[in-house]
Amino acid sequence: MKITSIESFTVKLADTMPDDHRITRLGITRIRTDEGITGYGFQGTDEATLANRVRPILIGANPLDIEQHWHTEALYRVAGVEHALWDIAGKAAGMPVRTLLGSTRERIPYYLTCVWAGAVDQSHVSIKDQADQLVRYYEMGHNRFKIRGWRPDPLDDVRVLAEVKNQLGDVEGLELMIDRTAHHPGWFWTYEQGLQVARAMESIGATWLEEPFAREDIESYRRLREEVDIPITGGEFGYEMHHFKEYLAAGAVDIIQPDGAHSGGIMTCRKVGTIAEAFDVSCILHGTMGPHLAASLQAAGAIASCRVMEVCIVRPPFTPQEMWEPVHRILKTDSLFTLKDGYIELPKGPGLGVDIDEEALEAHRI
């Protein structure tokens, strides 16, 4: 089998209205082969990258030689291309990618990462209102939640989780997390603030604290991990293997979090999961939203320590299903993913498991 074409484009799924946080546009990377098998990656790839380093290496090559391609510039930080290659591999074998990687799981627990539209630090939403929304999600059947930890007073974000616990009590399956997201707020916690938040989260039985410090400040991660019992996580923006190696070798995290897009794709996630296992560290992937989640689910299904999958970003009061509903217009199936009883069912179809309607895709192409 040989690759005959690689292209990337955008599809418009619906008009974007004010306060409409649904997926109304979607980047697609499509790879065709001489055997009629087409692979899709649900992330756009810029044309200059395709022309200068992807097509020169991959056109005419065997799409199944993913390990070989992974070691070239062709797949460097172009997850859409890598995902499409895995989609072809699964379709050629007639099975989901996760099965090719050794998975026998049919479903995985998930959590919602909720970010309210408005002020990026979430200060426009009261602690009570945030907690009330998480409780409403819980009553819908979701039971694991992560919120952004960007407020000027870091303990205010912990108070949101405490209020959820106050309303729901000690219910089975409830998990609550905070994501500081390292540099993204534009300012960093001091070590003392990180320790204070971790201790406060411990006191309410929270699940983990994510990226409390600058990503390169590995010593603060290591020190905090030694001082507290709550798991400390990081690694979502690593894109080369040495980034993950540095966290693991330093003993900086309890959970390493490669991202199926930032890291370059499924192959990297699988490799990080294997390395993490040698360090007795869990590998729980950083997630995303919509069809782009399909690749991460395939990788997560094949990593034994990945006990839960992130669904993000959810914009309250929207549900995940409401946010990805426009995507159904380019699918042959009735639904993208099934969420039930705190689990997301792993795609059963071949490849990434997203069955694209080619005619509808072309009709929505812009």
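The values are calculated or read from the model by the stated rules, or taken from the named source; none is laboratory data. Since we're looking at a predicted model, the values are computed, not measured. Cβ sites come from the backbone with ideal geometry, for glycine too, and all protein chains shown count toward neighbours. Surface accessibility is based on the protein's heavy atoms, side chains included, excluding ligands, DNA and RNA. Shrake-Rupley method; radii C 1.70, N 1.55, O 1.52, S 1.80 Å.
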Problem set entry | Unique residue being part of a helix (DSSP H, G or I), charged (D, E, K, R), without any contact (Cβ under 8 Å) to a residue 60 or more places away in the chain and at negative phi when the list is Arg53, Arg98 | Arg53
Exercise. Can you pull out the residues in segment 225-266 that are surrounded by fewer than 22 Cβ atoms within 10 Å (Cβ to Cβ), part of a helix (DSSP H, G or I) and hydrophobic (A, V, I, L, M, F, W, C)?
Worked result: Met241, Leu248, Ala249, Ala250
Exercise. Taking segment 329-347, which residues are surrounded by fewer than 19 Cβ atoms within 10 Å (Cβ to Cβ), closer than 20 Å to Ile88 by Cα and modelled with pLDDT of 95 or more?
Worked result: Leu331, Lys332
For this session: Could you tell me which residue of segment 267-285 is surrounded by the fewest Cβ atoms within 10 Å (Cβ to Cβ), considering only residues that are part of a helix (DSSP H, G or I) and hydrophobic (A, V, I, L, M, F, W, C)?
Result: Ala278
Seminar exercise, completed: Restricting segment 286-311 to residues that are touching a Ser or Thr at 6+ places or on another chain (Cβ under 6 Å) and open to solvent by 10 Å² or more (accessible area, probe 1.4 Å), the one farthest from Gly351 (Cα to Cα) turns out to be Ser305
Exercise. Is it the case that Leu85 is open to solvent by less than 40 Å² (accessible area, probe 1.4 Å), in a helix (DSSP H, G or I) and touching a strand residue (DSSP E or B) at 6+ places or on another chain (Cβ under 7 Å)?
Worked result: yes
Problem set entry | Close pairs from segment 154-167: first without any contact (Cβ under 8 Å) to a residue 12 or more places away in the chain, partner among the basic types (Lys, Arg) and surrounded by fewer than 20 Cβ atoms within 10 Å (Cβ to Cβ), Cβ under 9 Å, at least 6 apart | none
Exercise. For the subset of segment 106-120 comprising residues that are outside any strand (DSSP E or B) and crowded, with 17+ Cβ neighbours inside 10 Å, which member is nearest to the chain's Cα centre (by Cα)?
Worked result: Val115
Seminar exercise, completed: Residues in segment 17-44 that are surrounded by fewer than 16 Cβ atoms within 10 Å (Cβ to Cβ) and modelled with pLDDT under 95 total 4
For this session: Return the residue satisfying two criteria in turn: it lies in segment 348-366 and is open to solvent by less than 10 Å² (accessible area, probe 1.4 Å) and among the aliphatic types (A, V, I, L, M), and of such residues it is farthest from Gly39 (Cα to Cα).
Result: Leu361
Exercise. Identify, please: which residue in segment 121-152 is over 21 Å from Glu172 (Cα atoms) and among the basic types (Lys, Arg) and is, among those, most open to solvent (accessible area, probe 1.4 Å)?
Worked result: Lys128
